[in-house]
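Note sheet for the following structure.
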Amino acid sequence: MHLNTPIILTLLRIALIPVLVLFFYLPYAWANLVVVVVFVLAAVTDWADGFIARRWDQGSDFGAFLDPVADKLMVAVALVLLVQSHPTIIFALAAATIIGREIVISALREWMAEMGERGRVKVSAIGKLKTIFQMVAISMLLYEDDLWTLPIAFIGEILLYVAAALTLWSMWVYLHSAWPIMVAGSKVTPEAEGREAPLVMEVHDDVDLDEVAAPGTDVETVRALRQAASDD
């Protein structure tokens, strides 16, 4: 594995996760500001590694795998922390919706890639809009304190609910586009699964079973074949 700049930035994003958790629990007035800076820095590295990979052709299979994993880990950890500080049913459902959607779409992309149809689950405009609302909402909720007279936490909570709604919408778009392949892929033949198809012998009335029977076939087997032929 070659550690190029995009992969280093992605690994840095993963390394920032325990830093986020640490400062979230520190009992200092300035800790929430550091938490927001860490989260925003992670978001910036997410944009930067993709830009660098495309601009200087530093993309790799490992980077393509690791980048979404790092994103989902950071978002999932941040939402779990926020649910603890906002222990309401609607907030927990919104967080569970966002995390659950990421798991479903990740599994869908992996399965579609195995089917050779990964292009059907490309990032949509709704998915990008969802990400914007989600990142802004989480940043505001992590900061929590009012900014002058602006209720940052309340605005962040509303934006998170909007992001959850967009999450369901984008998931439906992905599943709808992949549905034809999912239906076709469910009809798997034994050969496609790597198993041998059962041997079927057609028995005709005008065929001497003693002649077609393989050498060494016992008498009972030949009689059974004759009986099957007579039943037909």
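Each reported figure results from applying straightforward, stated rules to the coordinates on display, with no laboratory input. The model shown is predicted, which means the values in this text are computed figures rather than measured ones. Don't worry about glycine lacking a Cβ; one is built from the backbone with ideal geometry, like all the others, and counts go over all protein chains shown.
So, counting K/R as plus one and D/E as minus one, what does the shell of residues with Cβ under 12 Å around ALA76 add up to? Intermediate results must be reported in sequence, preceding the final value.
Details: positive: LYS72, ARG101; negative: ASP71, GLU102.
With Lys, Arg at +1 and Asp, Glu at -1, the net is 0.
Using the Cβ atoms and a cut-off under 15 Å, what net charge is assigned to the surroundings of ALA29, where Lys and Arg are +1 and Asp and Glu are -1? Mind showing how you got there, number by number?
Numbers: positive: none; negative: GLU144, ASP145, ASP146.
Net of charged neighbours comes to -3.
In region 27-136, what trypsin sites (Lys or Arg not before Pro) fall in a loop by DSSP, with at most 15 other Cβ atoms inside 10 Å? Please list the in-between numbers first.
Working: sites: ARG54, ARG55, LYS72, ARG101, ARG109, ARG118, ARG120, LYS122, LYS128, LYS130; in loops: LYS122.
Within region 27-136, the qualifying trypsin sites (Lys or Arg not before Pro) (loop, at most 15 other Cβ atoms within 10 Å) are LYS122.
For the pair GLU144 and VAL183, a Förster radius of 45 Å applied to the C-beta separation gives a FRET efficiency near 0.45, rounded to the nearest 0.05. Here each label is just a point 7 Å from Cα along the line to Cβ, and for TRP111 and PHE154 those points are 4.3 nm apart.
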